[in-house]
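Asker: Okay, here's the structure, questions in a sec.
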Amino acid sequence: MEMITNVSEYEKIAKEKLPKMIYDYYASGAEDQWTLKENQRAFSRILFRPRILIDVSKIDMRTTVLGFNISMPIMIAPTAMQKMAHPEGEFATARAASAADTIMTLSSWATSSVEEVASTGPGIRFFQLYVYKDRNVVAQLVKRAEKAGFKAIALTVDTPRLGRREADIKNRFTLPSNLTLKNFENIDLGKMDKTNDSGLASYVAGQTDQSLSWKDVKWLQTITHLPILLKGVITAEDAQLAVRYGAAGIIVSNHGARQLDYVPSTIMALEEVVKATRGAIPVFLDGGVRRGTDVFKALALGASGVFIGRPVVFSLAAAGEAGVRKVLQMLRDEFELTMALSGCRSLKEITRDHIVTEWDRPRIAPKL
């Protein structure tokens, strides 16, 4: 394998190594895939305003997320069925996250169970939750995550139904027969039948609860002591409701552009959500992050940190645990360099004044 110098190069390798059905599942978005492209493209419309002649010989990237200290504001988003990418799947990702001293979020639809991931060793882990029609299944799963030492619940709130992912329909996507959704294996919900379109879409339609509403955020709080992040908020109105209903935090997310096409990129939606919360709860971002510069831009717009998804599964497919470790290290190094070249020595020094966006009014130079 030739030398990898940036995160995006792993996608090309993954495309060559993975069966088409699996690569397309990870890589594709909904319908016309406008938002899929926009998630990355929008970062390029934010420019830096670096400050100079600041002593940046020491850079501190450490931060606290829900009270947990981590090495950098770059964390791992939930991505389903990682053993399709590599035999070690979520095990490798968990070990890489632990080695980087950051947070891994495990998908409900993982091919390794919460108990199996916990067995890989120490680490700060969140659990992503889909709400099934059978609430006893949900309660049982949450309790298992608690018992396994997971530290928060990331409730996905943008998936009452699965978005129209045309690549999955063309490929008649289904989970390979040697794999199961491990968290549901013992309750006979771990298999996905092959259909004439997307097996995953049929599975979701049959199992997940389309009636999920704000009252269920309160219900979830009654069955767990864990903090609950709402993943999938992109408007000020919903951000205000998230605060009112007691969410511990928000993840600004459009589900990797896999749900409703033609919604804004997450970096475009971020500032609206941050302003609406008025600092009451932390706001995070996922979607489109491929460079350390992207991380800096998100923090300058008010994010408390970012989560990465596709870079993890692509690097996992390319090089297993070593690939995920390298992705995290590359993003860390790029982010540190961006801080130094922008004149920021700590995360609190990253401000809105360090960037200019296309939606800003023209800046007027100060009188000297």
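Readers should treat all values here as calculations from the given coordinates under stated rules, not as data from a laboratory. This is a predicted model, so every value here is computed, not measured. We place every Cβ from the backbone using ideal geometry, glycine too, and count neighbours over all the protein chains shown.
Asker: Taking +1 at the Cβ of each Lys and Arg and -1 at the Cβ of each Asp and Glu, which of Leu162, Ser107, Pro73 sits farthest along the dipole of region 69-166 towards its positive end, judged by Cα position relative to the Cα centre?
Answerer: Selected residue: Leu162.
Asker: Let me know the shape class of region 232-368, please: from the alpha-carbon gyration tensor, a ≥ b ≥ c as square roots of the eigenvalues, rounded when a/c is under 1.5, otherwise prolate if a/b is greater than b/c, or oblate.
Answerer: Oblate.
Asker: Also: Just check region 1-132 against the gyration tensor rule for me: Cα atoms, a ≥ b ≥ c as the square roots of the eigenvalues, rounded for a/c under 1.5, and otherwise prolate or oblate depending on whether a/b exceeds b/c.
Answerer: Taking the square roots of the gyration eigenvalues as a ≥ b ≥ c, region 1-132 is oblate.
Asker: What order, most packed first, do the peptides 212-223, 279-290, 295-306 have when packing is the mean number of other Cβ atoms within 10 Å of each residue?
Answerer: The densest-packed peptide leads the list: 295-306, 279-290, 212-223.
Asker: How would you order 117-123, 313-319 from highest to lowest mean count of nearby Cβ atoms within 10 Å?
Answerer: Per-residue Cβ counts within 10 Å, averaged per peptide and sorted highest first, yield 313-319, 117-123.
Asker: Right, next: With the cut-off at 1.5 for a/c, could you classify region 137-184 from its C-alpha gyration tensor as rounded, prolate or oblate?
Answerer: Oblate is the answer for region 137-184, as a/c is 1.5 or above yet b/c matches or exceeds a/b.
Asker: Any idea how far the Cα center of region 139-178 sits from the one of region 311-325, in Å?
Answerer: Using only Cα atoms, the two centres lie 20 Å from each other.
Asker: Based on the mean of other Cβ atoms within 10 Å per residue, sort peptides 336-344, 35-43, 348-356 so the most packed one is first.
Answerer: 35-43, 336-344, 348-356
Asker: With both partners inside the chain, how many of the DSSP beta bridges are antiparallel, as a percent to the nearest 5?
Answerer: In the chain, approximately 20 percent of DSSP beta bridges are antiparallel ones.
Asker: Name the residue farthest towards the positive end of the dipole of the chain from the options His354, Ala322, Leu260, assuming +1 on Cβ of Lys and Arg, -1 on Cβ of Asp and Glu, about the Cα centre.
Answerer: In the chain, that residue is His354.
Asker: Treating only the Cβ atoms of Lys and Arg (+1) and Asp and Glu (-1) as charged, compute the dipole magnitude of the chain about its Cα centre; round to the nearest 20 debye.
Answerer: Charge dipole, the chain, about its Cα centre: 520 debye, nearest 20.
Asker: Nearest 5 percent is fine: what portion of the DSSP beta bridges confined to region 19-129 is antiparallel?
Answerer: Here the share of antiparallel DSSP bridges comes out near 40 percent.
Asker: What number, rounded to the nearest 500 deg cm²/dmol, is the helix-based mean residue ellipticity at 222 nm of the chain, given -39500 (n - 2.57) per DSSP H run of at least four residues and division by all its residues?
Answerer: -11500 deg cm²/dmol
Asker: Report, in listed order, any pair from Lys15/Lys182; Lys15/Lys143; Lys17/Lys326; Lys37/Lys133; Lys151/Lys275 with a Cα-Cα distance greater than 29 Å.
Answerer: Lys15/Lys143; Lys37/Lys133
Asker: Quick one: length gained pulling Thr64 to Lys170 fully straight, 0.36 nm per residue minus the C-alpha distance?
Answerer: Difference between extended and current length: 33.9 nm.
Asker: Same structure, new question: Using only the alpha carbons of the chain, what is the convex hull's orientation-averaged projected area in square nanometres?
Answerer: The orientation-averaged projected area of the Cα hull of the chain comes to 18.5 nm².
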